[in-house]
Each structure stands twice: as C-alpha cells, then as structure tokens.
1. With the contact rule set at Cα under 8 Å and sequence spacing of 6 or more, what percent relative contact order holds for the stretch A:42-98?
2. Hey, what angle do you get for helix A:260-281 against the long axis of chain A, alpha-carbon based, 0 to 90 degrees rounded to 10?
3. Going Cα to Cα from A:LYS337, which aspartates and glutamates come in below 12 Å? Please leave out same-chain ones fewer than 8 positions away.
4. I need the phi-derived Karplus couplings for the stretch B:255-261: 6.51 cos²θ - 1.76 cosθ + 1.60, θ = phi - 60°, integer Hz, Gly and Pro marked x.
5. Per-residue ellipticity at 222 nm for the protein assembly as shown, helices alone: DSSP H runs ≥ 4 residues times -39500 (n - 2.57), over residue total, nearest 500 deg cm²/dmol?
6. Ranked highest first by the average count of other Cβ atoms within 10 Å around their residues, in what order do B:301-308, B:249-256 fall?
7. I need to check one value: relative contact order of chain B, counting alpha carbon pairs closer than 8 Å and at least 6 residues apart, in percent.
8. Quick one: Debye curve from the C-alpha atoms of the protein assembly as shown, no solvent, what's log10 I(q)/I(0) at q = 0.08, 0.11 Å⁻¹?
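Read-outs: derived from the displayed coordinates by stated rules, not from any lab. Predicted model, so just to flag it, every value in this text is computed and none were measured. Here the Cβ is made from the backbone with ideal geometry for all residues, glycine too, and neighbour counts use every protein chain on show.
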Amino acid sequence: MSTASPAIPQQERPKPNYLNHAHGFASWLLTIDHKRIGLLYIAVISLMFAIGGVYAGLIRLELLTPEGDLLSTETYNRAFTGHGVVMTFFVLVPLIPATLGNFLLPLMLGARDVAFPRLNLLSWYCYIVGVGIAATALLLGGLDTGWTFYAPYSSTYANGSVVLALMGAFVAGFSSILTGLNFVVTIHKMRAPGLTWFRLPLFVWAIYATSLIQVLATPVVAITLTLLMLERVLGVGIFDPALGGDPILFQHMFWFYSHPVVYIMILPAMGVMSEVISCFSRKAVFGYKVIAYSSMAIAILGFLVWGHHMFLSGQSTYAGLLFSFLTVLIAVPSAVKIFNWLATMWGGSIEMTTPMLYAMGFIGVFTIGGLTGLFLSTMGIDIHVHDTYFVVSHFHYVMVGSAIMGYLAGLHFWWPKMFGVMYNQVAARTAAVLIFLGFNFTFFPQFIVGYLGMPRRYHHYPPEFQFFNIASTMGATVLALGYLLPLFYLTYSLINGKKVGANPWGAKGLEWEMADSPPDPENFEGTPVVTEEVYAYAKEEEAVVH
Amino acid sequence: MWEQPFKDLDFFPEAASTIAWEIDALYLFAVAMSVFFTILIFAVMIFISLKFKRRDEDFVPKPVHGSVPLEILWSVIPFIITQVLFGWGAYVFFKYSQPPVDAMDIHVVGKQWMWKIQHPEGKREINELHVPVDQPVRLIMSSEDVLHSFFVPAFRVKRDVVPGRYQKLWFEADKVGEYHLFCAEYCGNEHSKMIGTVYVMTASEYDEWLRTPGNGEEETPAQAGERLFSELRCESCHSAAGVGRAPSLANIYGTVVTMEGGERSRVDEAYLRESILDPKRHIVAGFESTMPTFQGQITEEQVFELIAYIRTIGAEPVVSGGE
C-alpha cells in the first residue's frame, strides 16, 4: 500500500469531488448531497452496530454458564432488549437503503440527486433524533420488554424506559417512511434518458421493492407503538385485557410491520448480490426479469404472512392455515433468486474478490436461513420450535448473516467508488472468511439446542444445554473479530489506501462508467444517456454516451 | 445429575408423548430436505467458482439472458416441496388441535412467575404437573397477568397462555419419567425461573399421588365453585327453576344459546368465563342486562371453580322442580 504506486492519470487532475469540495462540520451536517448523507448514515449506523454488538457480547458471555452468574437477571433482560431494539430499528432497517441506497441510487439512475434532497436530510435527522431518544432510554437504564414490546407486559407491567424506547423507534420510523417515499419518486421520475425499467440495475429494483414496504408498513408500526404509549401512559384500554383490550390485537398490528421489516432488511442485500455476482462473473445476470419480479413478489407476499408468528397465540387455526400457506410460498421467489445467481456464475469468468467472497457467503447463509424458515412456517414443526433458540438462530441467519453479509459485500464493492481508494485485499478476505465461519459457528448450534427445547430469552437454563451455548459463544468471538477487522483496514485505506480510478472492478453501470471515484459533487458532467442493455459485459462498444 | 458438564449431552430431544413422533418425523423430513439442498447449493457454487475461475483477464464470457424451462423447473420444484411441508404440517397441527373426548381436564394458571395447577379431584400443585401415562390430558389455561407459554419439549407441545381468555392444550404422555416444563413467552424479570417439572406416572402411582394429602384443602373445584356460587349470591337470579331474572344454568354446559340479535354461541369454558367477567358483551335473548361484572373481584382460579360447578348443575336432581 505504498503511496508511490502508479496512480491512474484521471486521478491526478485536481478535480473537486463530493468529499473535498466543501469543508467543516456545517458542510456535512447541513448537506443535501445524497452521497454525503449516505456517509452520515454509515457513520451513525456503524456506531449503533457497535453498541448492539456490545449487548450481544454481554448476552453470549452470560450464557457461557447455565447459572446466570455474570449479569443479574434484570441486567440480562435489559441487555437482550437493548440488543434487539438497537439492531432492529437502528441498524438493520436503515442498513442498506439509507447507506448504499442513498449513495448509489442517483448514481445508478444518472441523476444529480434524489427527488427531494432536503427531505433526505430530514430523514437523517429523524433517524438521529430517534437514535438520541432511544440512547437516552438505554442510558436511563433501558427496558426489559424484548424488542417485540408484547402487551400487556410492556404496557402495564414492565419497569424501565419503555415509553422513551417506543418514542425512539417511532421517530426513527419516519426516517424510514420518508426515505422510502423519496426513493420511490426518484426511481419513477429521475431515470436518465434511455434508462427504461428493464435496464435498471437489479439493486434499484430491490430498493424499489424495499421502499414500497417502508412506505406502506412503517405507518402501521408507528400507530401500534402510539397505541401502546397511550395504554401505558394514559391507561387507555387497547391491548391489556384488564382494561378491556386484546393482547392478540397487539401481535397482529406489530407483526403486520415487523414481518415485512425482514424484507426491508433482506431485499436490498439481494440487490447487492445481483450486482456483485454479475460484475465478478463478468456476465449479465441470468433471468434478470425473474429476479426483478421475484423482489416484487417477496415484497407483496411479505404483507400477507404476519400471522405465522402467532400459530400458538390463540389465533384461529384456519387463519393459521392460510398464513402457513402464504408463508411457504415465499420460499419460491427466494429459491429462484439463488438459482439465477448460480446460473449467472455458470460459464462466467469468476474473480474471487472480497465482495464476491461475501456474496458466496451470503448464498450459503441465506440458503440455510431460508430453509429453516420453512420449518417455522410449517405449523406442525412450529408447535415445538416456536419461541426456542431455533427461531433465534433462523432469524439471525436471515437478518444478520444474510443482511449484514450483503451489506458488507456492497460496502466492499462500492468502497473504491465512495472514496477512490482500495483496501487491503488480504485483510478484507480474512475478515470475510472469519465472518462466515464465526457466524455459522455461533448460530448453527442454536438450531440444535432450539430443537432440544431451550426457550429464548432465558437468563438461566438447564445445564444440558451448556455445550451448545459454549460453542455459540466461541463462534461469537470469531464473528466479533471478523466484524472488527473492517474497522481497521477500511479506515487505513482512507489514510493510506491505493488510489484507484473510476472503475477498478471493470464493472458495468452508470456509477462505474460515467462517474469519477470519488464522484463529482454533481455526480455526472451533464446527463448520461443510456443506449445499451443492463449488464452488457459482452459488448465492446462504448456503453453510454453523453 | 447436574454437576458434571456435558454428562447429559444430547443432540435430539427425548420423546414422551403420542404427538412427539409425528412432529419428529415431519422435522426430520424437513432436515433431510434442507441438508440435501444446502449441500447441493454449496457443492454447485464451489464447483462453479473453481471451474469458471478467471484465467484470462481479457476473456469476456458469452451472456445467457435466461431460460424459461429452467425458471419453471426451479420454481415448480421448490413449490412442490413447500406444499408437502405445508400440507403435512397443517395435517399434524389439525390432527392434534382437538382433544379426545375422554381427556381429563387440568386447570393451569400462569402468573409472574409460577405455574399454578389444579387437578379435577381438587389437588393443587405449583411448578409441578403430575399426570398419568397413556391418558389424554387437556389443560385449560389462563393467565393472571401477562402472556406466558406452556411448553413441554419432551411432549412437543406448546401453547401461549393469554390473559383474558382460556387457551387449551392437550397431550397424551406415553413414557413414564420427569420432563422439563418451560415458560416460552417472555413474561418479565424471572421468566427463566418460571420452569417446572412434569411427572408422568403410571395410573396407580397417580391415584396414590392424588390421595396423598396436600395443603389440607382437598375440596374439588366443583365443590369450591358451589360454595362460591352461593357466597356471590348467583342463585338469586340464576335460579334453578329457570324463571329468575337470568337464564337457568341447569344442564347448560355444551348447549347452544341464542343471543339478542340472533347470534348463537356454544356454552363452553370460554363462553362461561366471558359471561362471568364481561356479562354485558353477550345477552341471552329474552333477558335484561342486569348482571354486574366480576372482573377484578374473583381470581382466575375462582372463575374456573365456578365453571366447574356450573358444569355439574342439573347433572344431579335439582331441588325445586327444574326442567
């Protein structure tokens, strides 16, 4: 990583880019540049991920022994709640749309910015205010309701800063709604000339499907959390049967958002997969339209399956039957994506770069996460594994293994675009392998201990489950190391990384072919005109013209 | 038994009920299917990435934009597999959703943080459940406070216990032994201490256990309910003759009553519970809404005792010329 390495001539031009054209705190905190807003999100989300990770570390350390001897029961319950609230509402929901989505969407569309740049900044401030309120709740001692806030425990019985935490999630929800709205309008109205719907990168399709969920589902959780606050603060009977309410109603309303939210996390990661796999196979995506439509199918079906969280809650068995049927259907578009990615790789010219390693890890982890989802949607199996570590493991495979691996694939893929530098490949590949191994080592034992019957959210547990918990904690140590490494080598690359040109991977797409690395504050010189199909790796002629 | 680490290490849970093998069979089918596809996908992915590794920097492979037969093939195969899982899973779930008619009823109350259990003969226990082997048992469960979930891994049964309603769960233990009882739904600070033991005993051991004196009170729920019925002066309206201000309760359990407005409702535990705690919600056709609520005045156990008594009214001759 010597600074004397031959630089690409284009970079020698003292050209202003979005990073250096303005300086000072105000130029960042008041920016309406989608690229800078994307970086602001990356900074805060990374911090939140670290906080959520500390909670996870406490949980795993506590579970090394069955007796519950490291933390008090109260602290343990607050730790897993803090972990869930931080990771779900403040890391995974905004993870890819707010960071990579913000940075890339206008660049991929050939636009100067998103449709509503000021609204975009407001979204970030909603997120920051939400973070601030939730952080206050946690600093005041936190809460022990679990991130699911099930009533009537949360509304009537729980101590702690429940209302503050609900407020935090409520306010951050507006960030999600406004970002989704902004992206939907941007994709509809800001595409460059010639960039038809079926020439859009699949990442854009995925972001589009995600945005629809954000706009349509998030208001429901906002309403739910508001009703919960009303019950807790004013004693309005909505969910607590002692006040004339219905606790099952809360579960319906909560999961109406909180199941689709899983697709907010996973769909953009799938979008990243299509970009990365196509680039490093140097081949157009196999079954482009099928992948695009499958994202939409997952987004729509995702709204119709919430009741699979409630097979044992007292919901009608016939409703359960319908929810089970609709849930297993989601396996079809999900499986189709995996097969199409493998078919994309088939016959390609595959380069095992860091993003590609993450992409292959994603396919592996998502396969396991998806298949175990079928167990849970099968009513007969769910009787036994519901609310056990089997569920914990399954959703970590999807929400952590897959979504975060997808994010890291994207971050490593577009890092040279964001900063014009390349990171150390050896360190990055090591991290990718550590994360894959550490992740499986952490969560695979939880499938076994879950089927053995270990319930989730247990501070104490019977000693025969200890073996699997020790394995999990050992795996988590490796995983933590893997997650820490990028902090070092990515930061180092900013200081001393090899400078790269506009398109170091030889990728297709407006962001690679038409914009500098780092891009100009205005993204493009003039408006790009798209004259060829998407992922046209095989064509030799100039991809796009001014 | 608990001192030495990993002494009892198992990779598959013990099975001790009639439903367990059905859930295990379904689970093992899903495991076999998942292992097959996981290995297949990993193998294909590794094979492809080795076979098509980039060797020539200038080589640009021929694009293939898709294949309709392939897309159909790899949509239809997952569809069929998921339908098998769905259908089989629904079959097992439905098969075990209704208890056999000869099931014995045991009443369970979940509260922060204990399981309170009462047997039909009146015997009470806490965080322990004694049941006879090879006898279907139906649990009628309610909660005094928040959500709980009754979970016995060795029986492969679980059901949320929800305040404000009765939840039912049944099982038939088929192996004598001691098994874990867990609360599976987070219920507050001592959630992980809301655990207990299920003792499956032979019929004769169970009978003997029932006869061993407990805490003195060996009144049956129905007897306690009868006492409560008169203490609360229920009979001043619900007179046995059927001419009072309220419907007669003689032989009412299991019948279908017609409400004002024409809605019909079967008189079961849930209906009786609602009628005691929220009497204004459904009014039997032809009667005035005069009954006060007993919400907050009697405990879940007392509600259950009243119901147990109501089930017996009319079973024996009623004093003054009822129907």
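1. Result for the stretch A:42-98 is 51 percent.
2. Once rounded, one gets 30 degrees.
3. B:GLU71
4. Each residue's phi maps through the Karplus curve to give 7, 10, 10, 9, 8, 4, x Hz.
5. One gets -17000 deg cm²/dmol as the mean residue ellipticity at 222 nm.
6. Values: B:301-308: 22.9, B:249-256: 15.6.
Sorting B:301-308, B:249-256 by mean packing, highest first, produces B:301-308, B:249-256.
7. Values: 498 pairs, mean separation 47.7, N = 323.
With pairs under 8 Å counted, the relative contact order is 15 percent.
8. Here the Debye-derived log intensity ratios amount to -0.75, -1.26.
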